[in-house]
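Notes to accompany the following structure.
The values are calculated or read from the model by the stated rules, or taken from the named source; none is laboratory data. Remember, predicted model here, so these are calculated numbers, not experimental data. Note: ideal-geometry Cβ built from the backbone for every residue, glycine included; neighbour counts use all protein chains shown.
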Amino acid sequence: MPAEPALEVRDLVVAYGRTTALCGVSLSVGTAEVLALLGPSGSGKSTLLQAVAGFVVPSAGTVRLGGTTVAGNCRPVPPERRDLGVVFQNYALWPHLSALDTVAYPARRRGVGRPQARSEARAILERLRIAHLADRKPAELSGGEQQRVGLARALARRPAVYLFDEPTAHLDTHVRGVFLAELVARQREAGAAAVYATHDAEEALGLADRVALLSEGRLLQIGTPQQVYDEPVDLFAARLTGPASLIDAPDGGGTVLVRPGWARLGGPLEAEVRAVWFRGPHSDHLVAGPLGELLVREPGPPRHPVGARVGWTLLRSWPLPGPTG
Amino acid sequence: MRGGGSALPRAGATAAVVVPLAALVAFPLFRLVQVAWQEGGGDLSGVLGADGLGTALRNTVVLAAGVTLAAVPLGVVLALVLRRSDLPGRAFWQATVLAPVVVPDFVLGYSWTQAYARAGFTDTLLGLSWAGVQGPLGVWLVLVVNASPLAYLVVAVGLAARAEPDLERAARVSGAGSATTLVTITLRLVFPAVAAAAVLVFVLTLGTFAIPQVLGAPAGFSTVTTRIYADLSIGGDPASFVEAVTLALLLVLVAAATVAPADSILGPRLRAARPADAQAAHPVPGRQTVRRAEAVVLGGYLAFSMCLPLAALALSSVTRALGVPPTPANWTLDSFRGVLTVRTLEALGRSLGLSVVAATLLVVLGGLVAVAERRRAGRATASLITLTLVLPGSTLAVALLIAYGRWLSGSLALILLAYLAKLWAFAHRPIAGALDRLPPAELYAARASGAGVLTAVRTVALRPLAPALLGAWLVCFLTALHEVTMSSLLYGPGSETLAVIVLNSSELGRIGPTAALSVVLTLLVAVPGILLWWASNRLRTRAG
Amino acid sequence: MLVLAACGGTSTGAGSSGGAGSSGGAGSSSEAASPEALTLYTCVSDTTIQPVLEAFEKSQPGSTVDLFRAPTGELNARVAADVRSGGLRADVIWGCDPLTVQAFVDQGLVGGWTPPGADAIPTQYRTDDYVGAAVLYLVAVHRTDVPAPRAWSDLTGPDYTGAVAVPDPSVAASALGALGWFAAAPGYGLDFYRDLKSNGAVQVKTPDDVTTGVAQGIYDAGMTTANAAYAARDDGSPVDVVWPEPGAVAIYGPVALATHSADSQVAQDFISFVVGADGQRVLGEAGSYPTRPGGAGPTVPADAPIVFPDWATIGQSRDTILSSYQQLFGG
C-alpha cells in the first residue's frame, strides 16, 4: 500500500442554492506534488479550493487530507483545524495589521508568544526578501508586495498542503514570474503538496507536475503537462491548454488537431498566408489551404508576407477522440 | 459642464456642506452663546456654581458612558447574530429589534413601570416587582434598551458594507477558530462602525431627557437635561432661561470635548481601501445547538426588554383606564378614536411628508459630510454636526427660533430645520461607516466611462452604499415621525405634527392616547419598514 | 410640496418683518393678517381651549384665533425665544399659574390692562395686569383600597408609608404654589414636607405623573390637580378624590394682554369674553374650573375647603423656599 496522498477529493459536489458549482470531481495530490487546476472563470476552480479549505460545505463527496477525512462525514472539520495554507487571489490581507503581525498571526494561533511569533515572522519575511516591509499596513504595499506577504502568511502556517487561488491574477507580468519562482521554490523547500488554480495555460503547464482541466464544475482531464497538451480529450480541453488548429487529416482519416509547432513551412501541402504575428523568438503564420486553416510556428522573424502562397509539412497530429465540432 | 467643469462641482460640493453647517449648527449655536454671554454676563459662575449642578453633570456623563458601554456591545452582538448567522426567522428578529425606535421615549419609560414596577405586570401575575426601575439603574437599563437598536443598525450597516469574507477565511485557515476570528478580524473590520455607534449613543444619552425625567425623578436622580427642563418650566423669567441656555451649552462643551478627540484620533486610522472584488457576506452556517441557544437568549432578551413593556403599552392603549385589569371587559377603542380624527389624519399626512423630506435631505447631507471628511479640510465637520445632536430638543428648538424665528416662526420649514439639525449626525455616522472604504478607482472608472460626478455617484457608489443609505434614511424617518419636543415648541397654525395634536389632546396625564399613537405609528412604519429592509437585503444579495 | 409651501412662507415672512417687529403677532401669520386675527399662547388643556375658541369665534364673526398650545415649559421657551428674535408673537397669553405670567409682566411683555368686567372675578384671582380665567385645584388622589385622607397631614401617617407621591415644585408651578402655601400655613410649614419625606414619600416631576402613578398602583396616594384626578376616576381607574383640610390649593391661570397689542380690539374682546359670563360658562362646561363665582363647573364637593397661596410673597421668596425644600427632597 503506497503512502496516503496529501490531498484526496472524491465525487465532490458543491451546490449554491439551485446552481451546482462542482459536479462529482475526484482527484488526488501526492506529497511534494504540484497540481494545477486549469479552467476558465466559473469552471469551479475556486469552489474546489474553498471546499478543500472548509469555507464551503460540500453537498456530497469526501475530502481527505493526509488520510484524514475532513469533509464528507457528519461533522466537517473547520478550516482552522485543516493542515492547509491558502494564498488568496485578492491577497486578503487584514487592513489593521502590519505585514509582520500578519505573518505572525498563524504562529500566535498555534499558541506561540508574541515575541517568538514575530521573530519567526521576520525570518520568513527575510527569506522572501521583504523584511523591509515588516511595519507597513496593506494600504501602503503594492500588489506584488501584498501577495508576497500573503505567501509569507501561508508559509508561516507550515502546512502539508498549499492552496493557491489564482495568486497572480492581480499582478503585473514582470512581478508574476518572480513571484511564481518564489512560490514554487518555497513550496518545494517545505516538501508540501500544492494545488494551484489558474486560468493561464502557460502558468499551469510550466509550474505543475500534473494539470487538472475543469469546465462547468466537471473534471475534463488530468495528467502531466505534456499529456494534457499533446493528448487533449476534446477540443475544449485542447483550447484550454494552448493554441490548436483543427484540419482534415491529409490521409483522409477525419479531423485532427495540430499544435502550432507540429507543422513547418515548406513542403508539399499548399496554402495561402492569411495573417502573421512576430513573437520575438518565433513567428506565427496563419495559413489556409484545402485541408483547412492552421497556425504554424517558425523560429525567427516572419518569412512570408500576408497573401503569399506557401507550401507546408505536417509533422504530427492528434486525432480527437469522440465527436468534435 | 464637461470641459472646465471640475472646479464648479467641487465649489458646489463645498458650499453644499458649508452652508447647511453654518445654517443648522454654527449660527444657532452662536445665537445661544450670544444669549448666555450677553444676558448671563458675569453670572456665568453663578449658573455653574449652583447647588447640585456638579452631581447632575456627573450623573449625565456617567450615565452616557455607562449606556454606551452596554448598548454598543449589545448592538454589536445583535448585529452579528442577526446579520452574520443563519439564525432561523432572522427577518422577524431584525424587525422586532427595531421596535423601541418607534416608541417615544417617555412612553417607553412608562411602559417599563407598567411592566415591572409595583402593581405592574410581573407584580400582578407573579408577585415580582422591581422598585429599582424607578431609579438610576432603571434609567440606565431603559436607555440601554432604547439605544441598542441604533447601535445595532449602525453596526449592521457597517457589517454589510465591509463584508469581506476572504479576510475571515484567511484567519480561519491561519488557525484561528470562529471566536478568535471574530475578535481579531471581524470586530476590527467593523471598528469604524462600532466607533460611530459609540459616538452616537454617547452623545444621544448626554442629551436624553424623557427617560431620566420619568424614571429618575422618584429617586431624586437629576441630570443636566432634567435641570434644563426645570429651568424652562418654572417662572418664565429671563434668569431661568439664561440658566437653561448655559446648561445646554455646557452639554455642547462636554460633547465637543469627548467627540472631537475621538474623531480626530480614530478618523484617519480607520481609512483603508476595500479590495476591488470584495464579495457580499453570506450568513455563516453554524451548529444547530448554537443557533438554538442564540434564539433562546435573543428571544429572552427581547421578551424582557421589549415584548413585555410594549405589550403593556399596547394593552394600555385599549384599556379604558389606568389601574384597571387589562381584561377584555375593560377594553375600549376610545384612545384610538382620539388618535384617528380628521384633525390627526391631516396632521399625520403632514408628519409623514415632513419625515420623508427630512429623512431624504438628511441622507444627502449625511453623505456630503461623509465625503467631506475624507479631505483634510473637512475632518472636523463630522464632530461639528454631533454638537446639535447633544442639545436637548427644547434647547435646539429655542436656538433655531432665536436664529430664524423672525422669518420662519410657526412654519413647517422651521420644524424641518430642527429635524435636520438634530438628526444630521444620525444620518452621517452610518453612511460614513460604510463609505470610508469605497475604492476611489470605481468612481474614477465611471468618470472615465463618461459619467458626470452625480451620475458616477448614482451608478457606482449608490449600490454598495445602499444598505447604509437605507438604514440612515429609516432611522431618520422613524425618529422624525414620532418627534414630540421640538415640534410641540415650534409649531404654528397649519403646521401641527401628529405628535403635537395627540400630545395636546392627551393632557391630564392620560397615557392611553399616547400609547395608541405609538401603536398606530408602529403599525404605520412596520409595513414600509419591513419592505425597506427586504429591499436592502435584496440589494445586498444582488451586489454579491 | 412641503418645500414649496415653506418657501412661500419664508418670502412673505421676510417681507413683512422689515417693519422692525412692531407687530410680531401679524408677522407670524401673514395670510391671517386681517385686523380680526389674534395669536394666543396658552398652556390650558386642549379640551378646554378648543370649545372656548369656537364660542369666541362664533360670538365675534370674522375673528380668528391662531393658537399655540404647549405645556408651561415649552410655552416659556417659546416666549423667551420670541423675545430674542423680533419680539413676542402672541397678542394674548393665557398661562396656567400667576408666577409665569407675573414674570412676563416684569419683562414688560404683557399687562397694563384688564377688561372692564374683571371686577366680577374675586380679588385673589387678579391683579392690575392680568385676570384669572380658570383655576386648578391641588387635591389628594388615593387608591380606593386605602383609607381616604381627611387632611393633608394624614399623608404623613402610617396608612401611606412609602406610597405617597408629590409633584416637584422646581418643575411644576402648581406644586410651587402648594409649597408656598404650606410653608406659611400654621401647623404645616416645611415640617409637613419633612414628615412626608420621613414617611417615605416620593417626589415625581409633575401632578400628571402623580395621577398616573397612583392610578397605575405604584403609589397609594398623592397630591395632584382635581381635573386629572377626576378624569382618572371617571375613566374607571380605582382611585378617588379628596379635598383635604385645611383646603385644596387653588392655582389660577391668568389671561393677559401683550403690551405691543394694547390697541388690538380683538385681543381685548377675547380677554373680555374669556372672563365674561359666556366664556366662563363654556370653560366650565368644557371641564375647567371657572374663576367667576356662581358659574357651572366640574365637581366641587359641597363645603370643599379651598386655600389661596400668596403669590406675591411666593414670587419674591421663591429661591429661599425652594432651596429649603430641596434640602429635604433633593434636586
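Within the range C:165-219, restricting attention to residues that are in contact with a strand residue (DSSP E or B) (Cβ under 9 Å, 6 or more places away or on another chain) and of a type in the set (Asp, Glu), the residue that is nearest to the other protein chains (Cβ to nearest Cβ) is C:Asp208. Set side by side, the residues A:Ala15, A:Ala92, A:Ala36, A:Ala71 differ, and just one is surrounded by 16 or more Cβ atoms within 10 Å (Cβ to Cβ), in the same structural domain as A:Ile130 (by TED's automatic domain parsing) and in contact with a Phe, Trp or Tyr (Cβ under 7 Å, 6 or more places away or on another chain), which is A:Ala36.
Of the residues C:Thr259, C:Thr291, C:Thr299, which single one is among the hydroxyl-bearing types (Ser, Thr, Tyr) and out of contact with any strand residue (DSSP E or B) (no Cβ under 7 Å at 6 or more places or on another chain)? It would help to see each step written out before you state the result.
Numbers: C:Thr259 fails: out of contact with any strand residue (DSSP E or B) (no Cβ under 7 Å at 6 or more places or on another chain); C:Thr291 fails: out of contact with any strand residue (DSSP E or B) (no Cβ under 7 Å at 6 or more places or on another chain).
Criteria check complete, one pass: C:Thr299.
Exactly one residue out of B:Ser495, B:Ser505 is within 10 Å of chain C (Cβ to nearest Cβ) and modelled with pLDDT of 75 or more, and it is B:Ser495. Scan the range B:142-155 and tell me whether some residue there is surrounded by fewer than 24 Cβ atoms within 10 Å (Cβ to Cβ), more than 30 Å from B:Thr184 (Cβ to Cβ) and more than 13 Å from every other protein chain (Cβ to nearest Cβ). No: zero hits.
Of the strands (runs of 3 or more DSSP E) that lie entirely inside the range A:204-270, those containing 1 or more residues that are polar (S, T, N, Q) and under 14 Å from A:Leu38 (Cβ atoms) span A:210-215, A:218-223.
Of the helices (runs of 4 or more DSSP H) that lie entirely inside the range B:368-435, those containing 3 or more residues that are more than 10 Å from chain C (Cβ to nearest Cβ) and more than 30 Å from B:Leu189 (Cβ to Cβ) span B:412-435. Each residue in the range B:211-226 was checked for being under 12 Å from B:Thr395 (Cβ atoms) and either within 7 Å of another protein chain (Cβ to nearest Cβ) or among the hydrophobic types (A, V, I, L, M, F, W, C) (or both), and 1 of them qualify.
Restricting the range A:260-282 to residues that are under 26 Å from the mean Cα position of the chain (by Cα) and among the small types (Gly, Ala, Ser), which is farthest from A:Leu320 (Cα to Cα)? Result: A:Gly280.
All of A:Leu257, A:Leu213, A:Leu183 fail the test of being more than 19 Å from the chain's Cα centre (by Cα) and surrounded by 21 or more Cβ atoms within 10 Å (Cβ to Cβ), apart from A:Leu257.
When the residues of the range A:6-32 are filtered to those that are at pLDDT 90 or above and either under 14 Å from the mean Cα position of the chain (by Cα) or not in a strand (DSSP E or B) (or both), the one that is farthest from the other protein chains (Cβ to nearest Cβ) is A:Gly30.
Evaluating C:Thr206 against the criteria (1) touching a helix residue (DSSP H, G or I) at 6+ places or on another chain (Cβ under 7 Å); (2) within 23 Å of C:Gly287 (Cα to Cα) leaves one unmet condition, (1).
For the range A:308-320, the condition of being of a type in the set (Lys, Arg) and touching a helix residue (DSSP H, G or I) at 6+ places or on another chain (Cβ under 7 Å) holds for at least one residue.
Would you check if B:Phe336 is closer than 30 Å to C:Arg143 by Cβ and either part of a loop (DSSP other than H, G, I, E, B) or without any contact (Cβ under 8 Å) to a residue 24 or more places away in the chain (or both)?
No, not satisfied.
Yes/no matrix, rows are residues, columns are (1) within 13 Å of another protein chain (Cβ to nearest Cβ); (2) over 17 Å from the mean Cα position of the chain (by Cα); (3) within 16 Å of C:Tyr130 (Cβ to Cβ):
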residue: C:Asp263; (1), (2), (3): no, yes, no
residue: C:Asp269; (1), (2), (3): no, yes, no
residue: C:Val275; (1), (2), (3): no, no, yes
residue: C:Gly284; (1), (2), (3): no, no, no
residue: C:Thr291; (1), (2), (3): no, no, yes
residue: C:Gly295; (1), (2), (3): no, yes, no
residue: C:Thr313; (1), (2), (3): no, yes, no
residue: C:Ser323; (1), (2), (3): yes, yes, no
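The numbered conditions (1) touching a residue at least 12 places away in the same chain (Cβ under 8 Å); (2) within 14 Å of another protein chain (Cβ to nearest Cβ); (3) farther than 19 Å from A:Arg218 by Cβ are all true for A:Ala3 except (2). Considering the range B:179-210, and only residues there that are more than 7 Å from every other protein chain (Cβ to nearest Cβ) and farther than 21 Å from B:Leu153 by Cα, the residue that is surrounded by the fewest Cβ atoms within 10 Å (Cβ to Cβ) turns out to be B:Ala179.
Would you pick out the residues in the range A:95-154 that are within 19 Å of A:Leu180 (Cβ to Cβ), in contact with a Ser or Thr (Cβ under 9 Å, 6 or more places away or on another chain) and at the interface with another protein chain (Cβ under 10 Å from one of its Cβ atoms)? Within the range A:95-154, A:Gly150, A:Arg153, A:Ala154 meet the criteria.
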